[in-house]
Structures are given as structure tokens and as C-alpha cells.
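What follows is a single structure, written as C-alpha cells, with notes after it.
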Amino acid sequence: MIILKGKSKFRYQNYYVRGAFVSFFDFVFISNDNYYIYDLLKFQLRLLFSFSLIHPICTVRPNLVGNAQIRELIRCYHNHGYTYKDICGFILFTHHIIISLRSIKRIVKSLGLTRRKCRSNLEDVITKICHLQRNGYEHYGYKAMWNHLNTQCGVSVSQENVRLILRAIDPTGVELRKRNNLRRRQYISRGPHFIVHVDGYDKLKPFGISIHGAIDGFSRKILWLKAGPTNKNPKVVANHFINYLTEEGRLPRLLRCDAGTENVLIKNIQIALRSYHSDSMRGQKSVSIGRSTANQRIEMLWSFLKKHFTQFWRNTFKDMIDQNILNNTDAVHLECVRFCFLPIIQDHLDSFRQTWNIHRIRAQRRGELVSGIPNVLFRQPILYGATDCSFDFPCDMAVLQDIQREYNTTESSNLLRGCTEDFIRLVELVANQRRENFPIPVNAYQGKELYCSIITLIERFY
């Protein structure tokens, strides 16, 4: 259902439509079946499309803030750094509310939301940047750091100030980032859900932490990024995939993964659900199997993850090994690493995912890739001349929920902090504390202190 905000009246070909949106819509056509065509004048796009083109977009279910009021929606999107046009598109395509740009600007002004006039104290900005660099963000460039500060840390600062601060406090890091001249092969995708890339990431596996993720090929939006004790268990990987399908309410056209045994279940689920469609990529063709190193989109993501996430944690754990605190050949030590660091690592991954999905991808000199913000590209592909390539479920959602419950009851998904039940009981015994009262560290320093305390208690116990 489309909600028309306002009281103005507009006529087009003997159809009357009420709504304040006519100030930026050339025309709106709504029939009895809720088919509609519109032309966005101020978007500077001449987009004429039929119901078959817009239908996949209107069936997108998730939104960022649930069923909040329009003012709270605008506040949320504005705080995430989106432009007025992006906010207008999100409210239309995701929340099915038509509102004009003028109304959005008026609401933003009434809420007192600004980006340029209200700047944070420079000393506070420097302190925050130094804190972030000590906690895993030392490889962020000035644009990534600026985006993270303004959207995640509640800090208002200009890109130029961030650039100058980083050059002053970290000149070596700036020079190292300037030397990065990687050249990547061309990649083409027709729209969201055209191809979803899935893979595991094992750079922290020597320390007991495994990561699994997925990314949309067109928008480069990270669909999930999860840390745990393993990414080789097919049921764990299937659980991530089912959660994604349930959240989106749609099926991807093509799933790209390697031939590992951990992908057996998601391969079967994708093939089974896509076998009832009539397109040329249905059934067996809806899964592309190849070498992990050739899975271009997800490998690109891992390269960024290494700079902005992995290097910090590898250095942290290697320092612990050098200090003879951690023995990564001891199963008890690895269990303790997961117990103390897994919640922090997952929070770090969630922060990286959110920052990535709202950062702006620059236009490339070569190739046919679109530029923009991953969330905008994923939710509003029509603005970039693309369409949502997803498909409806051939079964009732109850069937998918039954599959989800089956994989949610696996042993791995029930582990507390990724640790076995035997280890949790051991910690309860040596610490004389129930698992409900276990402290949860919030940074690497607290995690290291907790790790040392638990290992000391265990060694004394034995």
C-alpha cells in the first residue's frame, strides 16, 4: 500500500491523486490495482517504468527503524549521512510513503538537524581518532574515518579536518595508504540479488576465531558478517543463509560459493527454492561453484577487512603469544580466547559492516560499475538504471521458518560466546560464578585482562 502524504490534489489523464509530492513528481498514476508510474523531475532522471519493473522493489520487507513515525525515520536516515534525495527514496521504496523533498527539508529544519554548522570540538575529535586507532581502526583512510566518526561516533567534523589530523598524528600510515595501487578486473552485475557471493574468512582461525560473510554483487552491500568457533559446519553456514532469506523475504538469482563441504546445505536450499521458477538460471544453474580465490566480490571485501579489522586482531593475539600469555596450540587457551574476545570481535564486525554499507563508493575511471552508497544501491536500484533481480519464494514462509528452527537448534548455534558447555562449566567452577553473571568486555584491553585472569585461575585449579 502506498501512503500519500499531504492534502494537495493533482490530475493526470482523468485520474485524481492527493498528495504534497506533486511539487517534485511530474505525474503520478494510480489505478484500482495500485499500479503506478512516476517521473522524478528533481532527481534529474527520466525513469518511466511499469508494474513489472517496480514490483520487486515494493516487496522488499525490511527497514532500518521498523514502524517508527515519519519524523523519526527522517532523523535516522539524516544521522546516517544520507542526502535528501536518498532519504526520499528510502521512505518511498522501503516504507511505502510518498513525501516531497520540500517536506523532508522542512522536517529536517524543524528537528534542528545540521551537518555543517554544528562542528565538534577539535580536541574531542583528535582524542576520538586516537582512541579509534588504538582499537583496530588505524588502517582507516581519512574518508573512511570521517564517515565512521560522523555516523557511528556522534562526532561532527569535516573531511578536510580529518585528513589534516590523520596526516599530523599518523604520517606513516598516510604514506602507506597512498602507495596502494591495486588493479582489479572488470565486474558486471545487473542489479541487487543478481548474484550473492558467499565465503569464509580464516585469517583469525589460528587463534580460534572463524568468520563467514556474504556480499551483494551489484550494490556491494554486506549481507552478513559473523564470527564464531567455525565456518566449516554446513548447518552454521545454512543458518546464516536462512536468516538472510527470512530478513529479505526474497530469493537471489544466483549464489556464488566454492566447492567446500560447508556450502552443501546452502547449495541444496538455493537449488530447491529456485527450481520452481521459469527463468534461464533456475534449478542447478542458480548456484555457481568455483575456486574461492576467484570469488571476486567477497575477496575484494576481505582485502578491506584485512586493513580495517584483521590486522589489529592478528597483532593483538601475536603479541599475546610473544608475551607467553597465549598458547594457540592449547585447546583450552583457544576456548578462552573465544570466551573473552568473541563478543568484542563481533561488535567490531557489526561496526565495520554498518560503516561499509553507508559509505559512498567512488566512480571508477574504467568499467561499468555504478558508484554510490551500498544501502541506496541495494534498496533503490531503479535510480541507477537497474532492477531488483530477486524472486518470490515458491513456498509458504512457514516452511522457511521450519528450516530455520532446525538449524537454530544445532550445537554450534547454542554455544555461549562460541565455547563448549564443558569449558563454560569449568569457568563457572574456577571463578565461582554463574554464567549469567560473566562479565562482557567492551574493548581489547578488557578482553586481555579477563583472559589472563581466567587462564590464571584454571592453572591454579589444576
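A few comments on the model shown:
- For segment 114-123, the criterion of being in a helix (DSSP H, G or I) and either at pLDDT below 85 or not assigned by TED's automatic domain parsing to the domain that holds ILE358 (or both) is met by at least one residue.
- If you go through segment 129-175 and keep only what is closer than 15 Å to HIS348 by Cα, of a type in the set (A, V, I, L, M) and surrounded by fewer than 14 Cβ atoms within 10 Å (Cβ to Cβ), you end up with nothing.
- Pair list, Cβ under 6 Å, 6 or more apart: segment 89-101 residue more than 11 Å from ILE74 (Cα to Cα), other residue surrounded by fewer than 21 Cβ atoms within 10 Å (Cβ to Cβ) and among the polar types (S, T, N, Q): THR94/ASN63; HIS95/ASN63; SER100/SER23
- Summed over segment 417-462, residues that are hydrophobic (A, V, I, L, M, F, W, C), in a loop (DSSP other than H, G, I, E, B) and closer than 15 Å to ALA331 by Cα total 0.
- Taken together, THR329, THR310 contain a single residue that is among the hydroxyl-bearing types (Ser, Thr, Tyr) and either in a helix (DSSP H, G or I) or surrounded by 14 or more Cβ atoms within 10 Å (Cβ to Cβ) (or both), which is THR310.
- Close Cβ contacts (under 9 Å, 6 or more residues apart or on different chains) running from residues in segment 248-266 that are over 13 Å from SER292 (Cα atoms) and not assigned by TED's automatic domain parsing to the domain that holds TYR201 to residues that are at pLDDT 90 or above and assigned to a strand (DSSP E or B) are absent.
- Among the residues making up segment 223-266, those that are of a type in the set (A, V, I, L, M) and surrounded by fewer than 18 Cβ atoms within 10 Å (Cβ to Cβ) are ALA259, VAL264.
- Residue in segment 187-197 that is assigned to a strand (DSSP E or B), buried (at least 22 other Cβ atoms within 10 Å of the Cβ) and either modelled with pLDDT of 90 or more or acidic (Asp, Glu) (or both) present: yes
- For VAL370, the conditions (1) among the aliphatic types (A, V, I, L, M); (2) at pLDDT 90 or above; (3) closer than 19 Å to ILE222 by Cα all hold with the exception of (2).
- Condition check for SER278: among the small types (Gly, Ala, Ser), at pLDDT below 90 and not in a helix (DSSP H, G or I): yes
The values are calculated or read from the model by the stated rules, or taken from the named source; none is laboratory data. Note that the coordinates shown come from a computational prediction; the quantities given were computed from them, not determined experimentally. Positions of Cβ are generated from backbone atoms using ideal geometry, with glycine treated the same way; all protein chains shown enter the neighbour counts.
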